[in-house]
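The values are calculated or read from the model by the stated rules, or taken from the named source; none is laboratory data. Quick caveat, the model's predicted, so the values are computed rather than measured. Cβ placement follows ideal geometry from the backbone for every residue including glycine, while neighbour counts extend to all protein chains displayed. Only protein heavy atoms, including side chains, enter the accessible area calculation; ligands, DNA and RNA are left aside. Shrake-Rupley method; radii C 1.70, N 1.55, O 1.52, S 1.80 Å.
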Amino acid sequence: MQWLSRLPVWGVYLTSFLALDWLSYHWAIEPLAISLWNPQSALSLFLLLRYGLKQWPALFVAALLAELVAREAPVWPAYALLSSALSTLAYSAIAALLMRVGRLDLAFRSMRDLGWLTAVAAVGTLVGAAGSVTLYLGAGAIPPERWLGNVTRNWLADLVGILVLLPLLLRLFADRPRLFKFRPDLERLAQIASIGIVLWIIFGLEVFDVQKRFYPLFVPMVWISMRHGIWGAIIANFLTQVGLVLAMLWSNELASTAIDAQYMMLTLTVTGLLLGMAVTERWQLRKVLSLREVELNQALRFAGAAEMTSALAHELNQPLAAISNYARACQMMVTESALVHPLLAETMAKVVREVERAGESVHRLREFFRFGVLRRERLAMSALLSEVARVLEPHCMRHDVAILFRIGVGLPAVGVDRVQIEIVLHNLLLNAIEALAVSEGSQREVLLEAAVFEEDAGWVEVAVRDFGPGVQADLAEGLFHAFATTKTEGMGLGLAISRSLVEAHGGRLWLDDSARPGARFCFTIPTDENRGSIAEEV
Ligand code: ADP
């Protein structure tokens, strides 16, 4: 039943084909009804390229109807059948070559597409024209000495038709929103008017020598293609071609100069397309380069930040070690004294532990950023998660947030650098708590999940999920880049550093888009059994 859905397409195709054919026939060069250009050929090729080679029967029907109905009296009834079969075959071969061998991109975006289209269409239409004029010769409709001239005219008409109209159809379908963006500013209006003015000078004023009079048409074409790339060239080609046919009809000199006009139109069309495509490709290249520049800048800034982290870590090492020593001394004094508050000993112990933790984090971060060092050990995921949650307890209390755990049963131990993965978890958890702190939502919970990674049992997937406002849409793309932040106090380094640390373990860190409301950050780390398969660092 698929063909039923194609009926409207076939209807539009057949109607436009017959209408264009009728127009061409009524303004054609006798006796073979060869028009200046055959836009119908572009329609046929477009149907095959866009909807598949299986549409070939539509081409046959269109060609046959054109012979029998539009041309009223066929020269020779069998000719109608034969010539329709021949043109269907020629167009199917052109389309097949373009799709299967040339791998034409239907968005028609590159010099490669243009090259393939021009070459295959030139050869295919030449073979088609030679075949159909030979049929005419066989039927005795033309004398042998007119064979070559007629083949040339037929060929040029088909080829120009394809090169002018097919890129327009391809781009219209690939880039439809573009149509609605068109704004007729002064320059564009002047460009369109320039085509009309040049045609008027050529045909109205007749100041040029008949042989050379078409050359001025290159001026608007080059102007438009240089300014608007391939889109401009396609539109300019179309307007020039339609204008030229109308002007020639109006000045009543179709037959006398038709072949000159056809050659000129082919040259003009190809020049415009080449120039337009070169300009478009240059723009695309510039866009890619500027994107690369932004990425490079980000990478350099991140390297700078890493360098700064490492330098800071170096500076902080000493004072942290000193604080740790003083704290230990205080702890000893507190335990020896019987007079102090009972909670003081416990608090001092916490101070010692936190200072030591800070010292270790700073030291390991420095090692990682300077030398890429990873000290892997076998760890239970539950211990890792509860340690980070414990450290952030005061934050949770301040913002009235509860941390819930969901740890898979029988989860294997992981083989990771404890301090580094703690830094990752700390960053994600802190972001989640901060997101809840600014949110009005009633579900004030952060969910810490760990399970065997679905795609590979050698990995554990860890997720930190909150029910806050979620990541801002405009940030999502560069979220993991350094300095991407929405917080006034934020550095935007947490996620970038976390990603480096996870990737150093061979894992991945990502934002799970499907989790709503709130945000869910996930990352993978190797199980302890799997770590042998991952290159050891240090
Ligand atoms: P910082 O926290 O210093 O801004 P991060 O790299 O950790 O740097 O985070 C970058 C940005 O990502 C944050 O400013 C925030 O806008 C967004 N973000 C991170 N985690 C969350 C989350 N759980 N919910 C909403 N937004 C988040």
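Summary of computed values
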quantity	calculated
Residue match in the stretch 195-214 (condition: free of Cβ contacts under 8 Å to residues at least 12 places away in the same chain and crowded, with 16+ Cβ neighbours inside 10 Å)	yes
Given (1) at pLDDT 90 or above; (2) within 11 Å of the ligand (Cβ to nearest atom), index of the condition PHE483 fails	(1)
First in the stretch 307-322 and in a helix (DSSP H, G or I), second anywhere and among the small types (Gly, Ala, Ser) and surrounded by 14 or more Cβ atoms within 10 Å (Cβ to Cβ), Cβ under 9 Å, 6 or more apart	ALA313/SER361; LEU316/ALA358; LEU316/GLY359; ASN317/GLY359; LEU320/ALA358; LEU320/GLY359; ALA321/GLY359
In the stretch 363-376, the residues that are within 11 Å of ASN317 (Cα to Cα) and surrounded by fewer than 20 Cβ atoms within 10 Å (Cβ to Cβ)	HIS363
Which listed residue is open to solvent by 60 Å² or more (accessible area, probe 1.4 Å), in contact (Cβ under 8 Å) with a residue 40 or more places away in the chain and either in a helix (DSSP H, G or I) or within 16 Å of the ligand (Cβ to nearest atom) (or both), from GLU434, GLU356, GLU422	GLU434
Odd one out for GLU367, checked against (1) assigned to a strand (DSSP E or B); (2) of a type in the set (Asp, Glu); (3) free of Cβ contacts under 8 Å to residues at least 12 places away in the same chain	(1)
Flag if LEU339 is part of a loop (DSSP other than H, G, I, E, B) and free of Cβ contacts under 8 Å to residues at least 12 places away in the same chain	yes
Residues within the stretch 486-499 that are within 8 Å of the ligand (Cβ to nearest atom) and of a type in the set (Ser, Thr, Tyr), tallied	2
Of the criteria (1) surrounded by fewer than 21 Cβ atoms within 10 Å (Cβ to Cβ); (2) more than 13 Å from the ligand (Cβ to nearest atom); (3) of a type in the set (Gly, Ala, Ser), which one GLY507 fails	(1)
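Quick grid of which residues meet (1) out of contact with any Pro (no Cβ under 7 Å at 6 or more places or on another chain); (2) more than 13 Å from the ligand (Cβ to nearest atom):
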residue	(1), (2)
ALA380	yes, yes
VAL391	yes, yes
ASP400	yes, yes
ARG406	yes, yes
VAL414	no, yes
GLN472	yes, no
ALA476	yes, no
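For every residue, the table says whether it meets (1) in contact with a helix residue (DSSP H, G or I) (Cβ under 8 Å, 6 or more places away or on another chain); (2) of a type in the set (Phe, Trp, Tyr); (3) open to solvent by less than 60 Å² (accessible area, probe 1.4 Å); (4) modelled with pLDDT under 85.
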| site | (1), (2), (3), (4) |
| --- | --- |
| LEU48 | yes, no, yes, no |
| GLN55 | yes, no, yes, no |
| PHE60 | yes, yes, yes, no |
| LEU64 | yes, no, yes, no |
| VAL75 | yes, no, no, yes |
| LEU82 | yes, no, no, no |
| SER87 | yes, no, yes, no |
| TYR91 | yes, yes, yes, no |
